[in-house]
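Following: one structure in structure tokens, then a few remarks.
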Amino acid sequence: MTDRDQAQVKAIRATYPSCRVLYCWWHVLRAIRTRFIINAFPTLWTLIQDWVHTTDEAQFDAWWEQMQANTSYPDTVIGYLGRDWVLCRDMWSAIFRQNRSIFEEGDTNMLLES
């Protein structure tokens, strides 16, 4: 698990080619929330948090469509999500974090700090 540092991702994949690299949820949400004032868009922020954590792919897709359709949400944020996050959702979405062993169940790379 990484914070989305591409050098780390490349090194992990080169060293452990069959390993599945995941992005830490804390870092994913932190990166997203730096793109807008969450207090100005609390509904969007709650939706994004739910979107990251849902294990239902149909719900994930529906929420993504809802975010794109809502004209009150900042275009810059929706564009950022589409460009930087949707295409790599297999690395951060809870949809792809199901049925893992106890050793893979962590959702953050900050366990020592917490």
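Every read-out reported here was derived from the displayed coordinates using simple, explicitly stated rules and does not represent laboratory data. Please read all numbers here as calculations on a predicted model, not as lab measurements. Cβ sites come from the backbone with ideal geometry, for glycine too, and all protein chains shown count toward neighbours.
Sort out for me the helices (runs of 4 or more DSSP H) sitting completely within region 1-80 that have 3 or more residues that are loosely packed, with under 13 Cβ neighbours inside 10 Å.
The helices (runs of 4 or more DSSP H) meeting that bar are 6-15, 42-53, 57-69.
For region 31-56, how many residues meet the condition of being out of contact with any Phe, Trp or Tyr (no Cβ under 8 Å at 6 or more places or on another chain) and within 13 Å of Trp92 (Cα to Cα)?
Of the residues in region 31-56, 4 are out of contact with any Phe, Trp or Tyr (no Cβ under 8 Å at 6 or more places or on another chain) and within 13 Å of Trp92 (Cα to Cα).
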